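Visitor: Structure below; questions to follow.
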Amino acid sequence: MELYKTHNINPLSGCLPQVVQIVLLIVLYRVLVSFVSKSEFDGVTLNPIFFWLNLTKPDQFFILPVLAGLTQLFLSLMILPGGETPDVIPNDVKTKKLKEENKKEEDTADMAAAMQKQMLFIMPVMTAFIAVRFPSGLALYWVASTVFSIVQQYFITGLGGIAIYSGRVVKLLQGKKASK
């Protein structure tokens with residue numbers, strides 16, 4: 001807690017937006033499921049059709065689940081930090097104890113980066129899998145809210161991690177062309 005107070009960080013700040021979205025997804029899911037059992041509500045005939053979709057049933061063409069996964073990946077790449085790690089213990093230390101602490105610091109940073117990279121690609125796959133199984137209205141909400149978040153993120157930080165990854169891909173492709 002001392003560390004959080006020193007750097008003015010709220011430990012729940014990363015979780016709260018996800019918790020709010022999960023609550024909204026549960027509520028939306030319950031509303032869509034209740035539509036399945038009713039064809040009329042207060043004298044109004046319900047028509048849960050939007051373009052080709054019956055919003056109360058899973059998307060049979062898998063368009064929305066794929067869009068949900070891709071937009072989630074795009075947003076995750078935008079939010080991805082540049083990969084800088086704070087160097088608390090300088091690399092040019094002389095004592096053996098500080099060298100060991102520096103090694104631990106680097107190992108921890110490497111492990112955190114590997115876990116973040118795994119989650120970067122696992123979460124969009126999980127999103128697509130969930131969107132395949134639930135009503136397409138839920139997947140439509142997921143795509144719309146993620147697209148809104150992408151636009152919002154663009155105006156706040158620009159392309160963020162996408163610029164980094166696209167630069168790496170271009171360099172990788174140029175390296176392959178040069179070797180041929």
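Here, each number is a calculation from the coordinates, and none is a lab measurement. Here the structure is a predicted model, which is why all the values come from computation and not from measurement. Note: ideal-geometry Cβ built from the backbone for every residue, glycine included; neighbour counts use all protein chains shown.
Visitor: Rounded to the nearest 0.05, what FRET efficiency do Val31 and Leu70 have when you use their Cβ-Cβ distance and R0 = 25 Å? Walk me through the intermediate numbers first.
Guide: Details: r = 26 Å, r/R0 = 1.02.
Efficiency, rounded to the nearest 0.05: 0.45.
Visitor: Through the Karplus equation 6.51 cos²θ - 1.76 cosθ + 1.60, θ set to phi - 60°, convert the phi angles of region 122-129 into ³J(HN,Hα) values in whole Hz; use x for Gly and Pro.
Guide: Listing the rounded values in order: 6, 4, x, 5, 5, 4, 5, 4 Hz.
Visitor: With each label point set 7 Å from Cα along the Cα-Cβ vector, what nm distance links Asn8 and Val23?
Guide: 2.7 nm
Visitor: Rank by packing, highest mean first: peptides 138-144, 152-158, 119-125, with packing defined as the count of other Cβ atoms within 10 Å averaged across residues. List each step's numbers first, then the result.
Guide: Numbers: 138-144: 22.1, 152-158: 11.6, 119-125: 14.0.
Listed from highest to lowest mean packing, they are 138-144, 119-125, 152-158.
Visitor: Pop out the ³J(HN,Hα) list for region 141-150 in order, Karplus 6.51 cos²θ - 1.76 cosθ + 1.60 with θ = phi - 60°, rounded to Hz; leave Gly and Pro as x.
Guide: 4, 4, 5, 4, 5, 6, 4, 4, 5, 5
Visitor: Continuing with this model, one more query. Can you figure out the FRET efficiency of Lys104 with Met126, using R₀ = 22 Å and their beta-carbon distance, to the nearest 0.05? Could the numbers behind the result be given before it?
Guide: Values: r = 32 Å, r/R0 = 1.44.
So the FRET efficiency works out to roughly 0.10.
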